[in-house]
Amino acid sequence: MKKKMVSLLLILCCSIIWPFSAYSQTETIPKQQKTVTVTQMTLSQKEFDAVDKIQIIWARGQVTVTQSPDEKVYITEKAFVMPKATEVVGVSVKNDTLLIKDYNSLSSLSVQNSMDIDTKEFQQLLQRYYDTEYDLYVALPQKQYKEFYFKTVSANCNIENNNFDTVITETVNGEIQLNNVNADFINSNTINGNVLLHSGTNAEKYHLKCVNGNIDADFTIFPTALSVETVNGNITLTLPENDGFSFYKNKAKTYKNFSTSFALKDSNQKRVYKNGEILLDIVCVNGSVTLKKAESIKNDLEI
């Protein structure tokens, strides 16, 4: 039993990329609301004026990026307990880039002593893992940014109400949500986590990929290019009425778990709607694929 518990902690500390997240392994410890304000800073319009790229590198917790009420940038970090000075968020502006980086860490357990650990010590180590989970709140002035880049080991990210040329997210354990975001290109990749695009998020091109997780995207405007891929998870696409699209049958390998409210026809190796002009790249290995027509979501037909 002790050996199993130690193995679990090592998985948490190393953020290993199997089909379960670090969070799900620590649910036995009640999580309290983060009430300690670790960092609270403001960047003036003058300091931020030349910035058009945002980069956020985060470890664990919740990251929320939303629109500022004025022309200033507001950055707030919260935690369960006050961290070490070396683990406080780092903020820097260099040339055209605002970089926000999380420096929190957790020392790993020695395998050499793994048989000697008791339950109380194990619980204390898990609590330390929780204590190094921080939440970040960033409010950005409304403008057209060139790039938004987010990278994490075990953090969820919610991006709201702003405009970017390119949005790039890379997560190991973490969910990505985009709400009312406008972009030319949205590129979201995750190992363990969901990718959620809510109505009001618009881009010309999308690349959405999960290894273990669901992709749920609600499109107000039909995309000019769309690539969605999941290995273990479901794909749900809500699409507006359009002149036509198509996709390859063999890429949606779970074709028996396919449902749609679009009147599709077979054409060689493709499924086609109307003129089939826009080719969607839909890849699903273990999971279901659902295509919903935005104005008739409740009338899905199983095929």
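The values are calculated or read from the model by the stated rules, or taken from the named source; none is laboratory data. These numbers were taken from a predicted model, which means no experiment stands behind them. Note that each Cβ is placed from the backbone with ideal geometry, even for glycine, and that neighbours are counted across all protein chains shown.
Among the listed residues VAL65, VAL6, VAL89, which satisfies the condition of being surrounded by 15 or more Cβ atoms within 10 Å (Cβ to Cβ), modelled with pLDDT under 80 and of a type in the set (Val, Ile, Thr)?
Answer to the selection: VAL6.
Scanning the stretch 259-279 for residues that are assigned to a strand (DSSP E or B) and either under 22 Å from LYS205 (Cβ atoms) or touching an Asp or Glu at 6+ places or on another chain (Cβ under 9 Å) (or both) yields SER259, THR260, LYS270, ARG271, VAL272, TYR273, LYS274, ILE278, LEU279. The lone criterion from (1) closer than 22 Å to THR152 by Cα; (2) outside the structural domain of ASP165 (by TED's automatic domain parsing) left unmet by VAL181 is number (2). Taken as a whole, the stretch 116-136 holds no residue that is at pLDDT 95 or above, on the phi > 0 side of the Ramachandran plot and surrounded by 16 or more Cβ atoms within 10 Å (Cβ to Cβ).
Within the stretch 194-204, does at least one residue satisfy the condition of being under 15 Å from the mean Cα position of the chain (by Cα), over 27 Å from GLU133 (Cα atoms) and not charged (D, E, K, R)? Taking every residue of the stretch 194-204 in turn, at least one turns out to be under 15 Å from the mean Cα position of the chain (by Cα), over 27 Å from GLU133 (Cα atoms) and not charged (D, E, K, R). Screening the stretch 152-189 for residues that are hydroxyl-bearing (Ser, Thr, Tyr) and at pLDDT below 95 and picking the one that is nearest to the chain's Cα centre (by Cα) gives THR171. Of THR236, THR201, THR260, THR230, all but one fail to be surrounded by 20 or more Cβ atoms within 10 Å (Cβ to Cβ), among the hydroxyl-bearing types (Ser, Thr, Tyr) and assigned by TED's automatic domain parsing to the domain that holds VAL285; the exception is THR230.
When the stretch 88-101 is filtered for residues that are touching a residue at least 24 places away in the same chain (Cβ under 8 Å) and either more than 23 Å from the chain's Cα centre (by Cα) or part of a strand (DSSP E or B) (or both), the ones remaining, listed by number, are VAL91, VAL93, ASN95, ASP96, THR97, LEU98, LEU99, ILE100, LYS101. Scanning the stretch 187-202 for residues that are part of a strand (DSSP E or B) and closer than 21 Å to PRO141 by Cβ gives a single hit, ASN202.
Looking at the stretch 204-227 only, could you name the residues that are assigned to a strand (DSSP E or B), surrounded by 18 or more Cβ atoms within 10 Å (Cβ to Cβ) and out of contact with any Gly (no Cβ under 9 Å at 6 or more places or on another chain)?
TYR206, LEU208, LYS209, ASP216, ALA217, LEU226 - these are the residues of the stretch 204-227 that are assigned to a strand (DSSP E or B), surrounded by 18 or more Cβ atoms within 10 Å (Cβ to Cβ) and out of contact with any Gly (no Cβ under 9 Å at 6 or more places or on another chain).
Condition (residue is touching a helix residue (DSSP H, G or I) at 6+ places or on another chain (Cβ under 6 Å) and in a strand (DSSP E or B)) applied to the stretch 230-238: is it met by at least one residue? Yes, because at least one residue in the stretch 230-238 is touching a helix residue (DSSP H, G or I) at 6+ places or on another chain (Cβ under 6 Å) and in a strand (DSSP E or B).
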